[in-house]
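Down below is the structure, laid out as structure tokens.
The values are calculated or read from the model by the stated rules, or taken from the named source; none is laboratory data. As the structure is a prediction and not an experimental result, all values here were calculated from the model. Cβ placement follows ideal geometry from the backbone for every residue including glycine, while neighbour counts extend to all protein chains displayed. Accessible surface areas use protein heavy atoms only, side chains included; no ligands, DNA or RNA. Shrake-Rupley method; radii C 1.70, N 1.55, O 1.52, S 1.80 Å.
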Amino acid sequence: MVSGAVITVAAAELLVRLQERHGPVMFHQSGGCCDGSSPMCYPRGDFIVGDRDVLLGVLDVGPEGVPVWISGPQYQVWKHTQLVIDVVPGRGGGFSLEAPEGMRFLSRGRVFSDEEQARLCAEPVITGAGYERGERPAERGRVVSDAGTRPGMCSLDPR
């Protein structure tokens, strides 16, 4: 299985600190408007996941992992890319947990290879409704050592 979301070491370290302070957390990839296109981090349960939202993956950070969600229509546009959650200095989105930390989460994307895309197409998409019924991905999204330095990698947030 290929995870639709991974996280950099630096972002995972910040996420661990946020989990220690706030308990279990989740991400929802913002579709724009006030917070741009950034991954928004919330205490789990504070953001209501819609029935048609799509689970990109569960990051392998913390004992419960960290679910990463995206809206169904936005998923249709981005399904050919792996979301790479990174962190950079700056002010985070107003509602995202990292905002007071002087850091902000940043979305980067890596285009899936043809082989990865074929494997993803063979896997069922887990929606918010399916997650509520207990559906989970077979494996967690890993922590990666770099972001933005490999071929096929780009920032999805132009800010």
Estimated dipole of the chain in Debye, rounded to 20 [Cβ of Lys and Arg +1, of Asp and Glu -1, Cα centre]
200 debye
What distance in nm lies between label points placed 7 Å from Cα along the C-beta direction at Ala122 and Val88?
3.7 nm
Charge dipole of segment 1-128 built from unit charges on the beta carbon (Lys, Arg +1; Asp, Glu -1), centred at mean Cα; most positive-end Cα among Val88, Ala5, Leu18 is Val88
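Considering only the chain, what is the antiparallel percent among its DSSP beta bridges, to the nearest 5? Write down the numbers at each step before the final one.
Numbers: 23 of 31 bridges.
In the chain, DSSP labels about 75 percent of beta bridges as antiparallel.
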How long is segment 35-89 along each principal axis, judged by its Cα atoms, biggest number first, in Å?
29, 28, 22
Run the accessible area of segment 3-142 with a 1.4 Å probe and give the carbon-and-sulfur part as a rounded percent.
53 percent
Given a 1.4 angstrom probe, what's the average accessible area per residue across segment 3-142, in square angstrom?
48 Å²
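What does the helix-only formula give at 222 nm for the chain: each DSSP H stretch with n ≥ 4 adding -39500 (n - 2.57), the total divided by the residues, and the result rounded to the nearest 500 deg cm²/dmol? Can you show the working numbers first?
Numbers: 4 runs with 35 residues, N = 159.
About -6000 deg cm²/dmol.
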Rel. contact order, % - alpha carbon contacts under 8 angstrom, at least six apart, segment 50-146
35 percent
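Would you mind giving the three semi-axes, in whole Å and largest first, of the ellipsoid equivalent to the chain according to its Cα gyration tensor? Could you put the intermediate results ahead of the total?
Details: eigenvalues 93, 68, 45 Å².
Listed largest to smallest, the semi-axes of the chain are 22, 18, 15 Å.
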